[in-house]
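Heads up, the thing below is written out as C-alpha coordinates.
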Amino acid sequence: MTIKPKRRILITGGAGFIGSNFIRYMLHKYDDYEFVNLDILTYCGNPRNLEDIQDDPRYSFIHGDIKDPDIAKNAMQGCDAVVNFAAESHVDRSINNPNQFIKTNVHGVLNLLRVAKDIGIDRFVQIGTDEVYGSIDKGSFTEGSTLNPRSPYSASKAGADLLALSFYTTYKLPVVVTRSSNNFGPYQYPEKVIPLFITNAIENKKLPVYADGMNIRDWVYVLDHCSAIDLVLHKGKIGEAYNVSTGNEITNIELTRRILRFVGKSEDLIEFVKDRPGHDKRYSMKYSKIQALGWEPGHDFDRALDETVEWYKKNTQWWKPLKESAGDARLWEKSETEKQA
Ligand SMILES: NC(=O)c1ccc[n+]([C@@H]2O[C@H](COP(=O)([O-])OP(=O)(O)OC[C@H]3O[C@@H](n4cnc5c(N)ncnc54)[C@H](O)[C@@H]3O)[C@@H](O)[C@H]2O)c1
(Lines give C-alpha, C1' and ligand atoms only; values in the text may rest on other atoms or scores of the structure.)
Protein backbone atom coordinates (compact mmCIF):
# COMPACT_ATOMS: atom_id res chain seq x y z
CA MET A 1 0.00 0.00 0.00
CA THR A 2 1.38 3.44 -0.86
CA ILE A 3 0.96 6.14 1.76
CA LYS A 4 -0.26 9.47 0.42
CA PRO A 5 2.20 12.27 1.27
CA LYS A 6 0.93 14.85 3.71
CA ARG A 7 1.56 17.50 1.11
CA ARG A 8 2.67 17.53 -2.51
CA ILE A 9 4.11 20.81 -3.65
CA LEU A 10 4.96 21.98 -7.15
CA ILE A 11 8.11 24.07 -7.23
CA THR A 12 8.61 25.94 -10.48
CA GLY A 13 12.15 27.12 -11.28
CA GLY A 14 13.49 24.75 -8.63
CA ALA A 15 16.76 24.17 -10.48
CA GLY A 16 17.79 27.80 -9.99
CA PHE A 17 19.51 29.42 -7.04
CA ILE A 18 16.73 30.04 -4.49
CA GLY A 19 14.44 27.25 -5.72
CA SER A 20 17.12 24.57 -5.28
CA ASN A 21 17.99 25.83 -1.80
CA PHE A 22 14.28 25.83 -0.96
CA ILE A 23 13.70 22.23 -2.13
CA ARG A 24 16.69 21.01 -0.08
CA TYR A 25 15.55 23.04 2.97
CA MET A 26 12.02 21.64 2.77
CA LEU A 27 13.11 18.02 2.23
CA HIS A 28 15.20 18.25 5.39
CA LYS A 29 12.41 19.84 7.36
CA TYR A 30 9.38 17.77 6.30
CA ASP A 31 9.64 13.98 6.05
CA ASP A 32 6.18 13.55 4.62
CA TYR A 33 6.14 16.22 1.89
CA GLU A 34 6.78 15.55 -1.79
CA PHE A 35 8.21 18.04 -4.26
CA VAL A 36 7.75 18.19 -8.01
CA ASN A 37 10.21 20.52 -9.70
CA LEU A 38 9.14 22.00 -13.06
CA ASP A 39 12.04 23.80 -14.72
CA ILE A 40 12.95 24.56 -18.32
CA LEU A 41 16.66 24.74 -17.40
CA THR A 42 17.67 28.10 -18.83
CA TYR A 43 21.35 29.07 -18.48
CA CYS A 44 20.60 29.60 -14.74
CA GLY A 45 18.77 26.33 -14.18
CA ASN A 46 21.27 23.65 -13.28
CA PRO A 47 20.42 20.05 -12.36
CA ARG A 48 23.76 19.93 -10.51
CA ASN A 49 22.20 22.29 -7.91
CA LEU A 50 20.12 19.31 -6.77
CA GLU A 51 22.54 16.46 -7.42
CA ASP A 52 22.58 15.45 -3.74
CA ILE A 53 18.81 14.92 -3.58
CA GLN A 54 18.01 13.71 -7.11
CA ASP A 55 17.48 10.11 -5.93
CA ASP A 56 15.26 11.07 -2.99
CA PRO A 57 11.90 9.32 -3.61
CA ARG A 58 10.10 12.44 -2.37
CA TYR A 59 11.56 14.49 -5.24
CA SER A 60 10.76 14.43 -8.95
CA PHE A 61 11.76 16.60 -11.87
CA ILE A 62 9.81 17.67 -14.95
CA HIS A 63 11.68 19.42 -17.73
CA GLY A 64 9.30 22.00 -19.16
CA ASP A 65 8.08 25.53 -19.59
CA ILE A 66 5.73 27.32 -17.15
CA LYS A 67 4.16 29.01 -20.19
CA ASP A 68 2.91 25.70 -21.58
CA PRO A 69 -0.66 25.00 -20.31
CA ASP A 70 -0.46 21.21 -20.80
CA ILE A 71 2.90 20.90 -19.07
CA ALA A 72 1.76 23.12 -16.21
CA LYS A 73 -1.44 21.09 -15.84
CA ASN A 74 0.43 17.81 -15.85
CA ALA A 75 2.93 19.08 -13.27
CA MET A 76 0.27 20.56 -10.97
CA GLN A 77 -1.99 17.49 -11.05
CA GLY A 78 -2.16 15.98 -7.55
CA CYS A 79 -0.39 18.94 -5.91
CA ASP A 80 -1.81 20.93 -2.99
CA ALA A 81 0.37 23.98 -3.41
CA VAL A 82 2.57 25.81 -5.91
CA VAL A 83 5.62 27.91 -5.15
CA ASN A 84 6.68 29.82 -8.25
CA PHE A 85 10.37 30.72 -8.44
CA ALA A 86 10.61 30.39 -12.24
CA ALA A 87 11.72 33.66 -13.77
CA GLU A 88 14.24 35.49 -15.82
CA SER A 89 16.05 37.07 -12.91
CA HIS A 90 19.00 39.21 -13.97
CA VAL A 91 18.45 42.98 -14.28
CA ASP A 92 21.38 43.47 -16.68
CA ARG A 93 19.97 40.86 -19.06
CA SER A 94 16.54 42.56 -18.91
CA ILE A 95 18.18 45.72 -20.25
CA ASN A 96 19.45 43.76 -23.26
CA ASN A 97 16.42 41.61 -23.86
CA PRO A 98 13.19 42.71 -22.13
CA ASN A 99 10.99 40.47 -24.31
CA GLN A 100 12.08 37.27 -22.62
CA PHE A 101 11.32 38.81 -19.22
CA ILE A 102 7.74 39.64 -20.16
CA LYS A 103 7.24 36.20 -21.69
CA THR A 104 8.44 34.24 -18.65
CA ASN A 105 7.72 36.56 -15.75
CA VAL A 106 4.29 37.76 -16.90
CA HIS A 107 2.85 35.27 -19.43
CA GLY A 108 4.39 32.32 -17.59
CA VAL A 109 2.89 33.40 -14.27
CA LEU A 110 -0.50 34.05 -15.87
CA ASN A 111 -0.46 30.51 -17.26
CA LEU A 112 0.40 29.01 -13.86
CA LEU A 113 -2.36 31.03 -12.17
CA ARG A 114 -4.95 29.89 -14.71
CA VAL A 115 -4.01 26.24 -14.32
CA ALA A 116 -3.93 26.58 -10.51
CA LYS A 117 -7.44 28.06 -10.58
CA ASP A 118 -8.76 25.27 -12.83
CA ILE A 119 -7.20 22.55 -10.71
CA GLY A 120 -8.23 24.14 -7.39
CA ILE A 121 -4.79 24.55 -5.78
CA ASP A 122 -4.90 25.24 -1.99
CA ARG A 123 -2.05 27.73 -1.91
CA PHE A 124 -0.11 29.59 -4.60
CA VAL A 125 3.04 31.40 -3.45
CA GLN A 126 4.43 33.88 -5.96
CA ILE A 127 8.08 34.73 -5.25
CA GLY A 128 8.59 38.43 -5.82
CA THR A 129 11.25 41.04 -5.23
CA ASP A 130 11.80 44.33 -3.38
CA GLU A 131 12.74 45.83 -6.75
CA VAL A 132 9.02 46.27 -7.55
CA TYR A 133 8.94 49.26 -5.16
CA GLY A 134 11.79 51.05 -6.96
CA SER A 135 14.45 53.14 -5.27
CA ILE A 136 14.06 55.04 -2.00
CA ASP A 137 16.48 57.68 -0.65
CA LYS A 138 15.23 57.76 2.94
CA GLY A 139 12.90 55.55 4.98
CA SER A 140 11.64 52.11 3.96
CA PHE A 141 8.83 50.72 1.84
CA THR A 142 5.95 48.77 3.36
CA GLU A 143 3.72 46.27 1.58
CA GLY A 144 1.23 49.12 1.05
CA SER A 145 3.72 51.34 -0.79
CA THR A 146 3.09 52.15 -4.43
CA LEU A 147 4.88 49.87 -6.86
CA ASN A 148 7.33 51.87 -8.96
CA PRO A 149 9.52 49.40 -10.84
CA ARG A 150 12.30 50.98 -12.87
CA SER A 151 13.88 48.17 -14.90
CA PRO A 152 12.28 45.73 -17.37
CA TYR A 153 13.05 42.99 -14.82
CA SER A 154 11.28 44.70 -11.91
CA ALA A 155 8.40 45.84 -14.15
CA SER A 156 7.83 42.23 -15.24
CA LYS A 157 7.95 41.08 -11.60
CA ALA A 158 5.48 43.80 -10.58
CA GLY A 159 3.17 42.56 -13.34
CA ALA A 160 3.45 39.04 -11.94
CA ASP A 161 2.71 40.19 -8.36
CA LEU A 162 -0.34 42.13 -9.42
CA LEU A 163 -1.67 39.35 -11.62
CA ALA A 164 -1.27 36.88 -8.76
CA LEU A 165 -3.07 39.17 -6.30
CA SER A 166 -5.81 39.83 -8.88
CA PHE A 167 -6.44 36.08 -9.07
CA TYR A 168 -7.25 36.19 -5.37
CA THR A 169 -9.54 39.20 -5.68
CA THR A 170 -11.27 38.00 -8.83
CA TYR A 171 -11.32 34.20 -8.53
CA LYS A 172 -10.49 33.62 -4.84
CA LEU A 173 -7.38 31.64 -5.79
CA PRO A 174 -5.50 31.42 -2.45
CA VAL A 175 -2.47 33.46 -3.46
CA VAL A 176 0.32 34.85 -1.27
CA VAL A 177 3.13 37.03 -2.62
CA THR A 178 6.59 37.44 -1.10
CA ARG A 179 8.86 40.39 -1.88
CA SER A 180 12.40 39.66 -0.86
CA SER A 181 15.47 41.83 -0.96
CA ASN A 182 18.70 40.58 -2.60
CA ASN A 183 19.68 37.01 -1.72
CA PHE A 184 23.12 35.44 -1.48
CA GLY A 185 24.45 31.99 -0.68
CA PRO A 186 25.49 28.69 -2.31
CA TYR A 187 24.44 27.78 -5.87
CA GLN A 188 23.89 31.37 -7.04
CA TYR A 189 24.73 31.73 -10.71
CA PRO A 190 28.07 33.55 -10.95
CA GLU A 191 26.77 36.55 -12.89
CA LYS A 192 25.07 38.03 -9.80
CA VAL A 193 27.21 40.44 -7.83
CA ILE A 194 28.20 38.35 -4.78
CA PRO A 195 29.20 35.12 -6.58
CA LEU A 196 30.70 37.14 -9.46
CA PHE A 197 32.90 39.11 -7.07
CA ILE A 198 33.85 36.10 -4.92
CA THR A 199 34.82 34.02 -7.95
CA ASN A 200 36.62 36.94 -9.66
CA ALA A 201 38.59 37.53 -6.44
CA ILE A 202 39.49 33.82 -6.25
CA GLU A 203 40.69 34.01 -9.88
CA ASN A 204 42.57 37.31 -9.28
CA LYS A 205 40.29 39.06 -11.76
CA LYS A 206 38.98 42.62 -11.38
CA LEU A 207 35.76 43.22 -9.44
CA PRO A 208 33.68 45.59 -11.65
CA VAL A 209 31.83 47.98 -9.30
CA TYR A 210 29.17 50.13 -10.95
CA ALA A 211 29.72 53.94 -10.77
CA ASP A 212 30.99 55.05 -7.32
CA GLY A 213 29.78 51.91 -5.53
CA MET A 214 27.42 53.91 -3.31
CA ASN A 215 24.25 52.02 -4.29
CA ILE A 216 22.72 50.39 -1.21
CA ARG A 217 21.22 46.91 -1.01
CA ASP A 218 19.70 44.99 1.91
CA TRP A 219 20.99 41.41 1.87
CA VAL A 220 19.16 38.24 2.90
CA TYR A 221 20.94 34.91 3.30
CA VAL A 222 19.15 32.43 1.04
CA LEU A 223 18.25 30.01 3.88
CA ASP A 224 16.54 32.86 5.74
CA HIS A 225 14.53 33.54 2.60
CA CYS A 226 13.65 29.82 2.48
CA SER A 227 12.35 29.89 6.07
CA ALA A 228 10.28 32.97 5.23
CA ILE A 229 8.71 31.23 2.20
CA ASP A 230 8.01 28.15 4.32
CA LEU A 231 6.22 30.32 6.87
CA VAL A 232 4.17 32.19 4.30
CA LEU A 233 3.29 28.94 2.54
CA HIS A 234 1.80 27.58 5.78
CA LYS A 235 0.64 30.66 7.68
CA GLY A 236 0.56 33.64 5.31
CA LYS A 237 -2.80 35.34 4.92
CA ILE A 238 -4.18 34.74 1.47
CA GLY A 239 -4.44 37.76 -0.82
CA GLU A 240 -1.52 39.44 0.98
CA ALA A 241 2.07 40.37 0.12
CA TYR A 242 4.95 39.96 2.61
CA ASN A 243 8.25 41.81 2.49
CA VAL A 244 11.32 39.73 3.37
CA SER A 245 14.43 41.69 4.34
CA THR A 246 16.86 42.00 7.22
CA GLY A 247 18.09 45.56 7.64
CA ASN A 248 21.57 44.47 6.44
CA GLU A 249 21.86 47.60 4.30
CA ILE A 250 25.32 48.15 2.89
CA THR A 251 26.82 50.00 -0.04
CA ASN A 252 28.13 47.96 -2.94
CA ILE A 253 31.66 49.22 -2.31
CA GLU A 254 31.54 48.13 1.34
CA LEU A 255 30.20 44.74 0.22
CA THR A 256 33.07 44.48 -2.27
CA ARG A 257 35.66 45.28 0.42
CA ARG A 258 34.21 42.63 2.76
CA ILE A 259 34.26 40.02 -0.01
CA LEU A 260 37.91 40.82 -0.73
CA ARG A 261 38.72 40.59 2.98
CA PHE A 262 37.01 37.18 3.33
CA VAL A 263 38.64 35.84 0.16
CA GLY A 264 41.99 37.25 1.34
CA LYS A 265 42.69 39.49 -1.67
CA SER A 266 43.80 43.10 -2.12
CA GLU A 267 41.49 46.05 -2.81
CA ASP A 268 43.62 46.67 -5.90
CA LEU A 269 41.24 44.25 -7.63
CA ILE A 270 38.42 46.84 -7.41
CA GLU A 271 37.60 48.46 -10.75
CA PHE A 272 34.95 51.17 -11.07
CA VAL A 273 32.93 50.75 -14.30
CA LYS A 274 30.22 52.72 -16.12
CA ASP A 275 26.91 52.63 -14.26
CA ARG A 276 24.00 50.38 -15.19
CA PRO A 277 21.26 52.44 -16.94
CA GLY A 278 18.47 53.38 -14.50
CA HIS A 279 20.45 51.87 -11.61
CA ASP A 280 18.32 52.02 -8.45
CA LYS A 281 20.18 53.88 -5.69
CA ARG A 282 18.79 52.23 -2.58
CA TYR A 283 16.38 49.44 -1.72
CA SER A 284 14.87 49.33 1.74
CA MET A 285 11.77 47.63 3.12
CA LYS A 286 10.12 47.23 6.50
CA TYR A 287 9.48 43.58 7.27
CA SER A 288 7.31 43.89 10.38
CA LYS A 289 4.40 42.13 8.65
CA ILE A 290 6.28 38.84 8.30
CA GLN A 291 7.81 39.34 11.76
CA ALA A 292 4.26 39.40 13.09
CA LEU A 293 3.80 35.92 11.52
CA GLY A 294 6.85 34.76 13.52
CA TRP A 295 9.79 35.17 11.12
CA GLU A 296 13.22 36.52 11.96
CA PRO A 297 16.39 36.21 9.90
CA GLY A 298 18.48 33.54 11.60
CA HIS A 299 21.89 34.24 10.06
CA ASP A 300 24.42 36.94 10.87
CA PHE A 301 25.35 38.75 7.63
CA ASP A 302 29.15 38.65 7.96
CA ARG A 303 29.23 35.03 9.07
CA ALA A 304 26.89 33.99 6.23
CA LEU A 305 28.99 35.96 3.73
CA ASP A 306 32.17 34.32 5.00
CA GLU A 307 30.53 30.87 4.74
CA THR A 308 29.38 31.71 1.23
CA VAL A 309 32.95 32.63 0.29
CA GLU A 310 34.10 29.27 1.70
CA TRP A 311 31.43 27.45 -0.33
CA TYR A 312 32.63 29.05 -3.59
CA LYS A 313 36.26 28.30 -2.68
CA LYS A 314 35.39 24.63 -2.14
CA ASN A 315 33.09 24.28 -5.15
CA THR A 316 35.17 25.57 -8.05
CA GLN A 317 34.05 22.56 -10.13
CA TRP A 318 30.48 23.92 -9.81
CA TRP A 319 31.07 27.51 -10.92
CA LYS A 320 34.10 27.38 -13.24
CA PRO A 321 32.28 25.73 -16.19
CA LEU A 322 29.34 28.12 -15.74
CA LYS A 323 31.59 31.15 -15.83
CA GLU A 324 33.47 29.92 -18.86
CA SER A 325 30.27 29.51 -20.87
CA ALA A 326 28.40 32.57 -19.57
CA GLY A 327 30.20 35.68 -20.76
CA ASP A 328 29.85 38.81 -18.68
CA ALA A 329 26.27 40.03 -18.34
CA ARG A 330 27.61 43.30 -16.89
CA LEU A 331 28.75 44.18 -20.40
CA TRP A 332 25.16 45.17 -21.22
CA GLU A 333 26.12 47.80 -23.77
CA LYS A 334 28.09 45.39 -25.96
CA SER A 335 25.34 42.89 -26.65
CA GLU A 336 23.78 44.17 -29.87
CA THR A 337 22.71 40.70 -31.01
CA GLU A 338 20.74 40.10 -27.85
CA LYS A 339 19.14 43.56 -28.07
CA GLN A 340 17.61 42.62 -31.42
CA ALA A 341 16.33 39.22 -30.27
N1 LIG B 1 18.15 36.19 -6.38
C2 LIG B 1 17.62 37.19 -5.69
O3 LIG B 1 18.34 37.96 -5.03
C4 LIG B 1 16.13 37.37 -5.65
C5 LIG B 1 15.59 38.29 -4.76
C6 LIG B 1 14.20 38.45 -4.72
C7 LIG B 1 13.39 37.68 -5.52
N8 LIG B 1 13.94 36.81 -6.40
C9 LIG B 1 13.04 36.01 -7.22
O10 LIG B 1 13.19 34.66 -6.81
C11 LIG B 1 12.99 33.78 -7.91
C12 LIG B 1 14.17 32.87 -8.06
O13 LIG B 1 15.34 33.67 -8.23
P14 LIG B 1 16.77 33.00 -8.46
O15 LIG B 1 17.77 34.00 -8.08
O16 LIG B 1 16.76 31.66 -7.87
O17 LIG B 1 16.75 32.88 -10.05
P18 LIG B 1 17.53 31.89 -11.02
O19 LIG B 1 17.67 32.67 -12.28
O20 LIG B 1 18.73 31.32 -10.36
O21 LIG B 1 16.50 30.69 -11.25
C22 LIG B 1 15.37 30.82 -12.06
C23 LIG B 1 14.94 29.41 -12.47
O24 LIG B 1 13.76 29.53 -13.25
C25 LIG B 1 13.88 28.63 -14.35
N26 LIG B 1 13.04 29.12 -15.45
C27 LIG B 1 13.19 30.27 -16.17
N28 LIG B 1 12.24 30.36 -17.11
C29 LIG B 1 11.45 29.25 -16.97
C30 LIG B 1 10.29 28.79 -17.65
N31 LIG B 1 9.75 29.48 -18.67
N32 LIG B 1 9.74 27.63 -17.26
C33 LIG B 1 10.28 26.91 -16.23
N34 LIG B 1 11.38 27.30 -15.55
C35 LIG B 1 11.95 28.47 -15.92
C36 LIG B 1 15.35 28.65 -14.71
O37 LIG B 1 15.74 27.52 -15.48
C38 LIG B 1 15.98 28.67 -13.32
O39 LIG B 1 16.17 27.37 -12.82
C40 LIG B 1 12.76 34.67 -9.12
O41 LIG B 1 11.37 34.77 -9.32
C42 LIG B 1 13.34 36.02 -8.71
O43 LIG B 1 12.67 37.06 -9.37
C44 LIG B 1 15.29 36.62 -6.49
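The values are calculated or read from the model by the stated rules, or taken from the named source; none is laboratory data. Just so you know, these numbers come straight off a predicted model, no measurement behind them. Cβ placement follows ideal geometry from the backbone for every residue including glycine, while neighbour counts extend to all protein chains displayed. To get the accessible areas, we keep the full protein, side chains included, count just its heavy atoms, and leave off ligands, DNA and RNA. Shrake-Rupley method; radii C 1.70, N 1.55, O 1.52, S 1.80 Å.
The fraction of all Cα pairs in the range 54-132 landing in successive 5 Å bins from 0 to the largest distance is 3, 14, 23, 23, 17, 12, 6, 2, 0, given as whole percents.
Relative to the Cα centre, the charge distribution of the chain, modelled as +1 at Lys and Arg Cβ and -1 at Asp and Glu Cβ, gives a dipole magnitude of about 440 debye. Length gained on full extension, residue 103 to residue 307: 69.9 nm, using 0.36 nm per residue less the C-alpha separation. Modelling each spin label as a point 7 Å along the Cα-to-Cβ direction, I'd like the residue 166/residue 240 distance in nm, to one decimal. So the two model labels end up 2.4 nm from each other. Computed over the alpha-carbon pairs of the chain, the distance histogram in 10 Å steps reads 5, 26, 37, 24, 7, 1, 0 percent, short to long.
Straight-line reach from residue 265: taking Cα to Cα under 17 Å and skipping same-chain neighbours fewer than 8 places apart, the lysines in range are 205, 206, 313, 314.
For the range 152-261, a simple Cβ point-charge model (Lys and Arg +1, Asp and Glu -1, everything else neutral) yields a dipole of about 60 debye relative to the Cα centre. For the range 123-267, what is the accessible area per residue in Å², given a 1.4 Å probe and the full set of protein chains? Counting only protein heavy atoms, the per-residue value for the range 123-267 is 32 Å².
For the options 126, 54, 100, a Gaussian network treatment of the chain with springs between C-alpha atoms closer than 10 Å singles out 54 as fluctuating the most. Taking θ as phi - 60° and the Karplus parameters 6.51, -1.76 and 1.60, the scalar couplings of the range 311-324 work out to 4, 5, 5, 7, 10, 4, 5, 7, 8, 4, x, 5, 5, 5 Hz in sequence order, x denoting glycine and proline.
Computed over protein heavy atoms with a 1.4 Å probe, the carbon and sulfur contribution to the accessible area of the range 127-175 reaches 53%. Assuming a ≥ b ≥ c are the square roots of the Cα gyration tensor eigenvalues, decide whether the range 205-299 counts as rounded (a/c under 1.5), prolate (otherwise, with a/b larger than b/c) or oblate. Here the range 205-299 falls in the prolate category.
Label separation (residue 118 vs residue 281): 4.8 nm, computed from points 7 Å beyond Cα along the C-beta direction.
Couplings 3J(HN,Hα) for the range 51-67, derived from phi with the Karplus relation 6.51 cos²θ - 1.76 cosθ + 1.60 (θ = phi - 60°), are 3, 5, 10, 5, 9, 5, x, 8, 10, 9, 10, 10, 8, x, 9, 5, 7 Hz, where x marks Gly and Pro. Amide hydrogen proximity for residue 125: with H placed 1.01 Å from N in the peptide plane, the residues at 5 or more positions away or on another chain lying under 5 Å are 82, 83, 84, 176.
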